[in-house]
Amino acid sequence: MSLPRPPALLAAPLLALALLLTGCSSGAAPEKAPVGVPGQGAAGPQSDAASALRSSPGPTPAPSPAEIPDLGPETLAQIPAEARQAFVVTGEEADSYRSSAVLYSRADPVQGWEPVAGPWPAHNGMEGWTDHHVAGDRRSPTGVYTLTDAGGRLPDPGTLLPYDEHPRFAVDGEGFFGEPLEGSFDYVVAINYNRKEGVSPLNRTRPLGLERGGGIWIHVDHEGPTQGCVSVPEERMEELLRTLDPEMNPVIVMGDAESLRR
């Protein structure tokens, strides 16, 4: 999620609100020679008929299931077998705060993945991406994380995820470039990085310890970089919330393009 720099940014208001969060894809067969014509005998191994049989194509092999494009084997291996929705957020570069997002879905692993929404413009951490996120580094954690819980200041727009509507999601202040942060947490989806699943995004339990950061969300974009979260335009957040289905075990796949190709 996006947190501003003190005092003009968001850190002070969030401390006042007790929301201490550090984060924010053939030719025709040859003609057969006549069989049984006097003087020709039966079709032997050198006959045109035998050649035609040998060159006849066998059954067409079934195509491989479609993979999400631009993901390498290491990244693909992190996607759980039971996941049937994947929100892929690809950063432009390791140190860039600009990225794009595409939602993929699969009916079953045999059929493979297909895009169902996007690409959407997105933002990530001010300093880019990292494989080892720590509190205050202003980078978004790379990797694959489950999505199980949502919330926001506004009423539930129709999501199937558990949704916590709470006034503590209200924020104000300014972002890194002076852009207003108001409304950034009107809708959020908690990214299950260093958090307890099955609780409100506001929950501050940090299984890896406070030093590893937390409060990493997908939230409403404020037209600027975040403290470590991923942000997309408000109408896209509403669409995402209405599409994510806990029965499909959704995940987010996030990182800069080079890292995701590993």
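The values are calculated or read from the model by the stated rules, or taken from the named source; none is laboratory data. Note that this is a predicted model, so its numbers are computed, not measured. Virtual Cβ from ideal backbone geometry, glycine too; neighbours counted across all protein chains shown. Protein only, heavy atoms only, side chains kept; ligands, DNA and RNA dropped before computing areas. Shrake-Rupley method; radii C 1.70, N 1.55, O 1.52, S 1.80 Å.
Taking the options Val220, Val251, Val188, Val171, name whichever one is in contact with a His (Cβ under 7 Å, 6 or more places away or on another chain) and of a type in the set (Val, Ile, Thr).
Values: Val220 fails: in contact with a His (Cβ under 7 Å, 6 or more places away or on another chain); Val251 fails: in contact with a His (Cβ under 7 Å, 6 or more places away or on another chain); Val171 fails: in contact with a His (Cβ under 7 Å, 6 or more places away or on another chain).
Step by step, each of Val220, Val251, Val188, Val171 is checked, and only Val188 is in contact with a His (Cβ under 7 Å, 6 or more places away or on another chain) and of a type in the set (Val, Ile, Thr).
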For the structure I just gave you, tell me whether Gly125 is crowded, with 21+ Cβ neighbours inside 10 Å and in contact with an Asp or Glu (Cβ under 6 Å, 6 or more places away or on another chain). no
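Which strands (runs of 3 or more DSSP E) sit wholly inside region 141-254 and have at least 3 residues that are open to solvent by less than 40 Å² (accessible area, probe 1.4 Å)? Even if it seems obvious, please write down each step before you answer.
Values: elements: 143-152, 163-165, 188-191, 217-220, 230-232.
Passing ranges, in order: 143-152, 188-191, 217-220, 230-232.
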Just for strands (runs of 3 or more DSSP E) wholly inside region 10-127: which have at least 1 residues that are of a type in the set (Asp, Glu) and at pLDDT 50 or above? 114-123
Quick check, is Ala107 loosely packed, with under 15 Cβ neighbours inside 10 Å and at negative phi? yes
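Can Gly112 be described as touching a strand residue (DSSP E or B) at 6+ places or on another chain (Cβ under 8 Å) and either among the aromatic types (Phe, Trp, Tyr) or buried (at least 19 other Cβ atoms within 10 Å of the Cβ) (or both)? Working first, answer last.
On the way: touching a strand residue (DSSP E or B) at 6+ places or on another chain (Cβ under 8 Å): yes; either among the aromatic types (Phe, Trp, Tyr) or buried (at least 19 other Cβ atoms within 10 Å of the Cβ) (or both): no.
No.
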